[in-house]
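Colleague: Could you have a look at this structure, given as structure tokens, before my questions?
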Amino acid sequence: ALDQPIHVVLGPQADYFTDGAVQTFLSSEYTVSPQADRMGYRLEGPALAHAKGYNIVSDGIVAGAIQVPGSGLPIVLMVDHQTTGGYPKIATVISADIPVIGRRKPGRPLRFVAVGVHAAELLRREQEAAIRLAVENLLAL
């Protein structure tokens, strides 16, 4: 669906945010800002309060990581993201939903829903099975 929620796994630095910030992140609607490209989607919406400051020692970044700089506004790192980053990451978009968020255009709404790692893996396996079936159907033509 065009406006389906985006599944995330909380962390790896969710403890750098207040409990209220995590609740706000999961209960609020964000909008893809005009500053959205293959490196990252800046989001507009409620700012997220840091509990431990907003600078961390730079660490590795994966596609889907959601960094929150000093502004409190999340940035979803996309497929051409940098390799390291020094802002805490409140959550990570699950790999199965990277294409879903990648189709959101500036001005479109986003909502996030937290899932565990096991659920994220199941959703990815379902996605891979659907892709395999589509390829098999194409080859059968």
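The values are calculated or read from the model by the stated rules, or taken from the named source; none is laboratory data. Just so it is clear, the structure is predicted and the values come from calculations on it, not from any experiment. Cβ sites come from the backbone with ideal geometry, for glycine too, and all protein chains shown count toward neighbours. When the accessible area is computed, the model is the full protein with side chains, heavy atoms only, and any ligands, DNA or RNA have been set aside. Shrake-Rupley method; radii C 1.70, N 1.55, O 1.52, S 1.80 Å.
Colleague: Please state, rounded to one decimal and in Å, the Kirkwood hydrodynamic radius that the chain gives when every pair of distinct Cα atoms enters the mean of 1/r. Before the final figure, lay out each step's value.
Modeller: Values: mean 1/r = 0.0642 Å⁻¹.
That comes to 15.6 Å for the chain.
Colleague: Work out, step by step, the length gained on full extension between M39 and D59: first 0.36 nm times the residue separation, then minus their alpha carbon distance; give nm to one decimal. Mind dumping the intermediate values first?
Modeller: Working: separation 20, 0.36 × 20 = 7.20 nm, distance 1.68 nm.
Computed gain between M39 and D59 is 5.5 nm.
Colleague: Regarding segment 10-89, what is the average projected area of its C-alpha convex hull, in nm²?
Modeller: Details: hull surface 18.6 nm².
In nm², the orientation-averaged hull projection of segment 10-89 is 4.6.
Colleague: Sort 113-119, 12-18, 99-105 by packing, meaning the average of other beta carbons within 10 Å per residue, with the highest value first. Intermediate results must be reported in sequence, preceding the final value.
Modeller: Working: 113-119: 12.3, 12-18: 18.0, 99-105: 14.6.
Highest mean packing first, the order is 12-18, 99-105, 113-119.
Colleague: Rounded to the nearest whole Å², what accessible area per residue is found for the chain with the 1.4 Å probe?
Modeller: On the way: 7610 Å² over 141 residues.
About 54 Å² of surface per residue is accessible.
Colleague: Still on this structure: Go ahead and set up a Gaussian network model of the chain, Cα springs under 10 Å, then flag whichever of D97, D59, D19 fluctuates most.
Modeller: Answer for the Gaussian network model of the chain: D59.
Colleague: Mind jotting down a quarter of the surface of the convex hull over the alpha carbons of segment 90-132, in square nanometres, one decimal?
Modeller: Numbers: hull surface 14.2 nm².
For segment 90-132, the mean projected area of the Cα convex hull comes to 3.6 nm².
Colleague: If you don't mind, there's one more thing I want to ask. Suppose R0 equals 35 Å; then what is the FRET efficiency for R124 and T84 from their Cβ-Cβ distance, rounded to the nearest 0.05? Before the final figure, lay out the partial values.
Modeller: Numbers: r = 24 Å, r/R0 = 0.70.
Computed FRET efficiency for R124 and T84: 0.90.
Colleague: Take every Cα pair under 8 Å in segment 1-90 that's 6+ residues apart, average their separations, divide by the length, and report that relative contact order as a whole percent.
Modeller: On the way: 175 pairs, mean separation 29.0, N = 90.
It rounds to 32 percent for segment 1-90.
Colleague: May I ask you to give the percent of accessible area on the chain that is carbon plus sulfur, with a probe radius of 1.4 Å? Show your work: numbers first, answer last.
Modeller: Values: 4380 of 7610 Å².
About 58 percent, which is the carbon plus sulfur part of the accessible surface.
Colleague: Another question, then. May I ask you to evaluate 6.51 cos²θ - 1.76 cosθ + 1.60, the Karplus curve with θ = phi - 60°, for each residue of segment 11-17 and list the ³J(HN,Hα) values in order in whole Hz, giving x for glycine and proline?
Modeller: x, x, 10, 4, 6, 7, 10
Colleague: List the equivalent ellipsoid semi-axes of segment 69-141 in whole Å, largest first, each obtained as the square root of 5λ for an eigenvalue λ of the Cα gyration tensor.
Modeller: 29, 15, 12
Colleague: A follow-up question, please. Among L122, L141, G107, which residue has its Cα positioned farthest towards the positive end of the charge dipole of segment 99-141, with +1 placed on the Cβ of Lys and Arg, -1 on the Cβ of Asp and Glu, and the dipole taken about the Cα centre?
Modeller: Value computed over the given set: G107.
Colleague: Still on this model: Under a plain spin-label model, where a point goes 7 Å from the Cα along Cα-to-Cβ, how far apart in nm are R132 and I98?
Modeller: 2.0
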